[in-house]
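For reference, the structure discussed in these notes is given below.
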Amino acid sequence: MAQPQPLTEPSPDAALIAAWQRGDEQAAAELVRRHARALARFLAGAGAPDADLDDLVQEALIRAFRAVDRFRGQCQFRTWLLTIGGNVLKDHGRRAARHTVVPLDEGLRSGDGDPHERAEAGEAEPGSRWGEGAAQAAARGVLTARPAGLEYGEIAAALDTTEGAARVHYHHAVKRLKELLQ
């Protein structure tokens, strides 16, 4: 994959980022003020639980603070921050999956047949929740980011996918939304 080229014109945040990299806390606060709400919308649209949204935004901002020296300006600051936010959300999902307690379904409690075999058969069904959920999360992320003014390339970078995939996710999300509204 080709390396992104540095932006030709300075972003509106360039001076603030440079000041932040020198340790200016007021510049950091202004960047948070400008971008925290968009980060929250992006995470909510990508499937972040409402109860965890503030914590996820805070974690993304903390990671950005720790990594500000590595920001090279090859993309917009917001794109970089949304990418960090997407990674925080993925990490949160992995942690939650490790600690998820799944109650036994009534069908699994019955005495006829092997519950393990029935559970495996359910996991093998087409359209299982795992694959469907990931596609839906990507579609929600694109659907919330696109109207927020992000280009497909920026959305792709934030979702760690290709620009073409971001376009496809957007198309499917709009199509599904239209179906739901009819």
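The values are calculated or read from the model by the stated rules, or taken from the named source; none is laboratory data. Owing to the predicted nature of the structure, the values given are computational and were not obtained by experimental measurement. Backbone-built Cβ (ideal geometry, glycine too); neighbour counts: all protein chains shown. Remember, those area values only see protein heavy atoms, side chains included, never the ligands or the DNA or RNA. Shrake-Rupley method; radii C 1.70, N 1.55, O 1.52, S 1.80 Å.
Beta carbons closer than 8 Å, at least 6 apart along the sequence or on distinct chains, pair a first residue in the stretch 161-179 that is within 16 Å of GLU151 (Cα to Cα) with a second that is modelled with pLDDT of 75 or more and outside any helix (DSSP H, G or I) for HIS169/THR161. It is to be established whether one or more residues within the stretch 45-60 are part of a helix (DSSP H, G or I), under 23 Å from ALA156 (Cβ atoms) and touching a Phe, Trp or Tyr at 6+ places or on another chain (Cβ under 8 Å). No, that holds for no residue.
Within the stretch 23-43, residues that are on the phi < 0 side of the Ramachandran plot and open to solvent by less than 50 Å² (accessible area, probe 1.4 Å) reach partners that are modelled with pLDDT under 95 and in a loop (DSSP other than H, G, I, E, B) with beta carbons closer than 8 Å, at six or more positions or on different chains, in the pairs LEU31/ASP13; ALA38/ALA148; PHE42/ALA148.
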